[in-house]
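> My structure is below; once you've seen it, I'll send some questions.
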Amino acid sequence: GENVEQHPSTLSVQEGDSAVIKCTYSDSASNYFPWYKQELGKRPQLIIDIRSNVGEKKDQRIAVTLNKTAKHFSLHITETQPEDSAVYFCAASPRGDKIIFGKGTRLHILP
Amino acid sequence: DTGVSQDPRHKITKRGQNVTFRCDPISEHNRLYWYRQTLGQGPEFLTYFQNEAQLEKSRLLSDRFSAERPKGSFSTLEIQRTEQGDSAMYLCASSPFMGKAFFGQGTRLTVV
């Protein structure tokens, strides 16, 4: 079955700098890759997603890139702000089946 | 509120008791997922439904866990003979087929 690896587990960046979180997946049939943000004590919230027919997608300060050949995808946050501090999860879904999550990255934005 | 709704929000139970959680998905969503999340970990897949059909159940899931979605709308997750290791947040999510999945607020289970 699908397995999603996520790195790093913790990331600290200075406010205003960029943050990059990387994920790899194992099932070449995966064709949908969402990213979720979870603040302390709250539910995971979908922030951006990408399908395998595109290589990059951007939404304001957030972008995702996908390399199907290497089976890895990344989340890029530019001009980080204090409210970006949270845990971020990548996920992969093969053929529209179950969604499998990575273990998460705790992002700290330093003032 | 037209989002995913879970009930109860919190449940404390004694070891060995049975518990049942309910999830009401977004009304037009035909996919419904159950996940378990422990502190510092990502959501762990338990099972999912397409309408009333249970399509897959995690191999890691004990036989003490069962889920239903009898009419293709709300779903229940039952844990029989609870153990302390079952303590976790149980999350439900729903989506259209091959669409974006949205989570409920979860049910936090504490087994004492």
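> Roughly what would the spin-label model give for B:ARG81 and B:ASN51, points 7 Å off Cα along C-beta, in nm?
3.5 nm
> Please find, in a Gaussian network model of chain A (springs between Cα atoms separated by less than 10 Å), the residue of A:LEU11, A:LEU66, A:LEU75 whose mean-square fluctuation is greatest.
The residue with the greatest mean-square fluctuation here is A:LEU11.
> Between A:GLN60 and B:SER27, what is the FRET efficiency for a Förster distance of 35 Å, r being their Cβ-Cβ separation, to the nearest 0.05?
So the FRET efficiency works out to roughly 0.75.
> Nearest 0.05, what FRET efficiency do B:LYS14 and B:SER66 give at R0 = 22 Å with Cβ-Cβ as r?
After rounding to 0.05, the efficiency reads 0.65.
> Give the order of A:ILE48, A:ILE77 when sorted by the count of other beta carbons within 10 angstrom, beginning with the fewest.
With the fewest neighbours first, A:ILE48, A:ILE77 line up as A:ILE48, A:ILE77.
> Taking the Cβ of each residue in B:THR47, B:THR13 as the centre, tally the other Cβ atoms inside 10 Å and list the residues starting with the fewest.
B:THR13, B:THR47
> I need B:PHE74, A:PHE101, A:PHE73 ordered by Cβ neighbour count within 10 Å, fewest first.
By the 10 Å Cβ count, ascending, the order reads B:PHE74, A:PHE101, A:PHE73.
> Quick check: Cα centre of segment B:46-74 to Cα centre of segment A:37-78, how many Å?
For segment B:46-74 versus segment A:37-78, the Cα centre distance is 28 Å.
> Could you work out the longest stretch of chain B that avoids the trypsin sites (Lys or Arg not before Pro) located in DSSP loops with at most 16 other Cβ atoms within 10 Å?
Counting at most 16 other Cβ atoms within 10 Å as exposed, the longest clean stretch of chain B is B:16-58.
> About the Cα centre of chain A, how large is the charge dipole given +1 on each Lys and Arg Cβ and -1 on each Asp and Glu Cβ? Please answer in debye to the nearest 20. Could the numbers behind the result be given before it?
On the way: 14 positive and 13 negative charges, 69 e Å.
Taking the Cα centre of chain A as origin, the dipole is about 340 debye.
> Can you tally the lysine pairs in chain A where the Cα-Cα distance is under 14 Å and the two residues are eight or more apart, or on different chains?
So the count works out to 4.
> Which one of A:ILE100, A:CYS23, A:THR10 is farthest out on the positive end of the charge dipole of chain A, using unit charges on Cβ (Lys, Arg +1; Asp, Glu -1) and the Cα centre as origin?
Of the listed residues, the answer is A:ILE100.
None of the figures in this text is laboratory data; all of them are computed from the coordinates on show. The shown structure was predicted, so the numbers you read here are calculated from the model rather than taken from an experiment. So basically every Cβ, Gly included, is an ideal-geometry build from the backbone, and we count neighbours across all protein chains shown.
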